[in-house]
Amino acid sequence: MMRTITLVALLLGAAPSSATLATKPVLSLAAARQVVAAAAAEAERRHSTVVIVVVDDGGYPIVLERLDDTQVASVEVGIGKARTAAIFRRPSRDFEEQIRNGRAASLVLPGATPLQGGLPLLAGGRVVGAIGVSGNTPQEDEEIARADVAAFVP
């Protein structure tokens, strides 16, 4: 027991005194709400019924909005699209294209929803979260999401 304690103390004491924690930008609730509001405005302009989801960089929902008369199934799909864009740090469309081009292995990637409509949100060149839109055609979902990404100002 004494050897274990001594070893731990030596290891902890051996750490450089100049070691610091890394910092990273974090998507705030206010920013997530702003992204959803921009998406909702674009969807309403198009008379679209969609679910809009903004997730953090780990893929967990911060804000979810289901517009009136949107199919319930779009809730989970929207979350999946946003989570995919956040954790893989690329548009969810990339996985749909891989499958279309014959890479069936993309179907079994943990946490991937290979459907167009999820886009990462960047701050300082780093992914801080993502938006997912679901409810209409994949192209329209992504266009609504893209309008929101353009409106995102960290």
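The values are calculated or read from the model by the stated rules, or taken from the named source; none is laboratory data. Since this is a predicted model, take the numbers as computed values, not measurements. Note that we place each Cβ from the backbone using ideal geometry, even for glycine, and neighbour counts take in every protein chain shown.
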The listed residue being in contact (Cβ under 8 Å) with a residue 12 or more places away in the chain, out of contact with any Gly (no Cβ under 7 Å at 6 or more places or on another chain) and under 28 Å from Lys24 (Cα atoms), out of Arg66, Arg90: Arg90
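Tally time: how many residues in segment 25-62 are outside any loop (DSSP other than H, G, I, E, B) and touching a residue at least 12 places away in the same chain (Cβ under 8 Å)?
From segment 25-62, those outside any loop (DSSP other than H, G, I, E, B) are 29-45, 51-56, 61-62; that's our starting set.
After this cut, where a residue has to be touching a residue at least 12 places away in the same chain (Cβ under 8 Å) as well, the list is 29, 31-36, 38-40, 42-44, 51-56, 61-62.
The total comes to 21.
Pick from Ile99, Ile144: which is modelled with pLDDT of 90 or more and either in contact with a His (Cβ under 6 Å, 6 or more places away or on another chain) or over 21 Å from Asp56 (Cα atoms) (or both)? Spell out how you get there, then give the answer.
On the way: Ile144 fails: either in contact with a His (Cβ under 6 Å, 6 or more places away or on another chain) or over 21 Å from Asp56 (Cα atoms) (or both).
Result of the check over Ile99, Ile144: Ile99.
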Starting from residues that are part of a helix (DSSP H, G or I) and touching a Pro at 6+ places or on another chain (Cβ under 9 Å), keep the ones in segment 101-144 and report whichever is surrounded by the most Cβ atoms within 10 Å (Cβ to Cβ). Glu142
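If you scan segment 75-87, which residues turn out to be under 16 Å from Thr49 (Cα atoms), surrounded by fewer than 21 Cβ atoms within 10 Å (Cβ to Cβ) and either touching a residue at least 12 places away in the same chain (Cβ under 8 Å) or of a type in the set (Phe, Trp, Tyr) (or both)?
Of everything in segment 75-87, just one residue is under 16 Å from Thr49 (Cα atoms), surrounded by fewer than 21 Cβ atoms within 10 Å (Cβ to Cβ) and either touching a residue at least 12 places away in the same chain (Cβ under 8 Å) or of a type in the set (Phe, Trp, Tyr) (or both), namely Val75.
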Members of segment 145-154 found to be surrounded by 14 or more Cβ atoms within 10 Å (Cβ to Cβ) and part of a helix (DSSP H, G or I), listed by number: Ala145, Arg146, Ala147, Asp148, Val149, Ala151
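Can you tell me which residues in segment 70-96 are part of a loop (DSSP other than H, G, I, E, B), more than 17 Å from Gly129 (Cα to Cα) and in contact with a Ser or Thr (Cβ under 6 Å, 6 or more places away or on another chain)? Steps first, please.
Pass one, segment 70-96, residues part of a loop (DSSP other than H, G, I, E, B): 70-73, 88-92.
Filter again for more than 17 Å from Gly129 (Cα to Cα), leaving 70-73.
Matches in segment 70-96: Thr70 only.
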